[in-house]
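Asks: Before I ask anything, let me first share the structure, which is written out below as structure tokens.
The values are calculated or read from the model by the stated rules, or taken from the named source; none is laboratory data. Note that the coordinates shown come from a computational prediction; the quantities given were computed from them, not determined experimentally. We place every Cβ from the backbone using ideal geometry, glycine too, and count neighbours over all the protein chains shown. Side chains included, ligands, DNA and RNA excluded: accessible areas come from the protein's heavy atoms. Shrake-Rupley method; radii C 1.70, N 1.55, O 1.52, S 1.80 Å.
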Amino acid sequence: MQRLTAESVTLGYDQRVITEDLSVEIPDNSFTVIVGPNACGKSTLLRALARMLKPSRGQVLLDGQAIHQLPAKKVARTLGLLPQSSTAPDGITVADLVARGRYPHQGLLRQWSPEDERVVDESMESTGVAELAERYVDELSGGQRQRVWIAMALAQQTPLLLLDEPTTYLDIQHQIDVLDLCAELHETQGRTLVAVLHDLNHAARYATHLIAMRDGAIVAEGAPSDVVDAELVERVFGMRCQVIDDPETGTPLVVPAARKARKVAA
């Protein structure tokens, strides 16, 4: 039994249906990346998997139980989420924000403990923000803030971590830094990660399992080396291209057709 699955879900907002009768299983211990064109339903699917959006039909299962029927704190001890847009309260330090990740582990009979302190310190250390602990979050660069939010998600100590476009608004170096960090968390800590990414080449380089969506449906899924080819890219993104081996990693590398080549083909 997979820990996180969606069974025949219909998802949407108000009366607008985004995806219908969609089923997906997130492989355990994978770094799963969801890709597709804008408005294809990838972030909507992630929100449903994260319990932020309730299906109008079907259900999302966490460890075999309907996720919306589970207590919020129980879900938060199993599944962490880095949303697309995160806003920190004014005047909060890095250490205080990361410490909020320990909230699901607090209760009437269990308050802040040395164990919580250790987890917060380790989370900041592993994300490279320990030296920023006393800095205010709103003083940091975009890349630094993103690492702080990931540290807070890590402090939850959840085996599942969902990330909605974690590289948005970051320059190329910070994009690679964040994705390297995610890959390290997956490889060294055995966490299951699910991320929505816009960049297909980043997805192909970092994912162990790729889900390609278009118009609310899953077009293909599997290891990037098994599913990413020129036919898939044209089918999903409507773009002519060549797919070659990445000289650094050997993973699929999408090279869009040049403008002149596109004109000739037309």
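Asks: Given the condition open to solvent by 70 Å² or more (accessible area, probe 1.4 Å), in contact with a His (Cβ under 8 Å, 6 or more places away or on another chain) and more than 18 Å from Ile211 (Cα to Cα), answer yes or no: does some residue in segment 55-63 qualify?
Replies: yes
Asks: Sticking with this structure for a sec: Might you let me know whether segment 128-147 holds any residue that is touching a Gly at 6+ places or on another chain (Cβ under 7 Å), at pLDDT below 90 and closer than 22 Å to Ala50 by Cβ?
Replies: We begin by selecting, within segment 128-147, every residue touching a Gly at 6+ places or on another chain (Cβ under 7 Å); these are 136, 147.
Still in the running and at pLDDT below 90: 147.
From what is left, the residues that are closer than 22 Å to Ala50 by Cβ are 147.
So far as segment 128-147 goes, yes, one or more of its residues are touching a Gly at 6+ places or on another chain (Cβ under 7 Å), at pLDDT below 90 and closer than 22 Å to Ala50 by Cβ.
Asks: Can you pull out the residues in segment 128-169 that are over 20 Å from Val194 (Cα atoms) and of a type in the set (S, T, N, Q)?
Replies: Matches in segment 128-169: Ser141, Gln144.
Asks: What residue, among those in segment 181-222 that are among the hydroxyl-bearing types (Ser, Thr, Tyr) and under 20 Å from Ile244 (Cα atoms), is surrounded by the most Cβ atoms within 10 Å (Cβ to Cβ)? Break it down stepwise before answering.
Replies: Narrowing segment 181-222 to residues among the hydroxyl-bearing types (Ser, Thr, Tyr): 188, 192, 206, 208.
Still in the running and under 20 Å from Ile244 (Cα atoms): 206, 208.
Working: Tyr206: 23, Thr208: 16.
Checking each candidate, the answer is Tyr206.
Every residue, every condition in (1) more than 18 Å from Gly36 (Cβ to Cβ); (2) part of a helix (DSSP H, G or I), yes or no:
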{"residue": "Gln175", "(1), (2)": "yes, yes"}
{"residue": "Asp180", "(1), (2)": "yes, yes"}
{"residue": "Ala183", "(1), (2)": "yes, yes"}
{"residue": "Thr188", "(1), (2)": "yes, yes"}
{"residue": "Ala212", "(1), (2)": "no, no"}
{"residue": "Ala220", "(1), (2)": "no, no"}
{"residue": "Val236", "(1), (2)": "no, yes"}
{"residue": "Leu253", "(1), (2)": "yes, no"}
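Asks: Write out, first by first residue and then by second, each pair whose Cβ atoms fall under 7 Å of each other, whose residues are 6+ apart or on separate chains, and whose first residue, in segment 134-158, is free of Cβ contacts under 8 Å to residues at least 40 places away in the same chain while the second is basic (Lys, Arg) and surrounded by fewer than 24 Cβ atoms within 10 Å (Cβ to Cβ).
Replies: none
Asks: Also, I was wondering about something else. Filter segment 125-151 for residues that are open to solvent by 10 Å² or more (accessible area, probe 1.4 Å) and under 12 Å from Ala99 (Cβ atoms) and give the result.
Replies: Ala133
Asks: Is it true that some residue in segment 107-116 is aromatic (Phe, Trp, Tyr), within 27 Å of Arg77 (Cβ to Cβ), free of Cβ contacts under 8 Å to residues at least 40 places away in the same chain and open to solvent by 30 Å² or more (accessible area, probe 1.4 Å)? Walk me through how you get there before you give the answer.
Replies: The first filter runs over segment 107-116 and keeps only residues aromatic (Phe, Trp, Tyr), leaving 112.
Subset that is within 27 Å of Arg77 (Cβ to Cβ): 112.
Checking which are free of Cβ contacts under 8 Å to residues at least 40 places away in the same chain leaves us with 112.
Those left that are additionally open to solvent by 30 Å² or more (accessible area, probe 1.4 Å): 112.
Yes, segment 107-116 has at least one match.
Asks: Then there is this: Assess whether Ala212 counts as being closer than 20 Å to Gly80 by Cα, touching a residue at least 24 places away in the same chain (Cβ under 8 Å) and of a type outside the set (D, E, K, R).
Replies: The answer is no for Ala212.
Asks: Right, something else. Provide a single number: the residues in segment 232-258 that are of a type outside the set (Val, Ile, Thr) and over 17 Å from Asp215 (Cβ atoms).
Replies: Kept after step one, since they are of a type outside the set (Val, Ile, Thr), are these residues of segment 232-258: 232, 234-235, 237-242, 245-248, 250, 252-253, 256-258.
Still in the running and over 17 Å from Asp215 (Cβ atoms): 240-242, 245-248, 250, 252-253, 256-258.
Residues flagged as of a type outside the set (Val, Ile, Thr) and over 17 Å from Asp215 (Cβ atoms) within segment 232-258 amount to 13.
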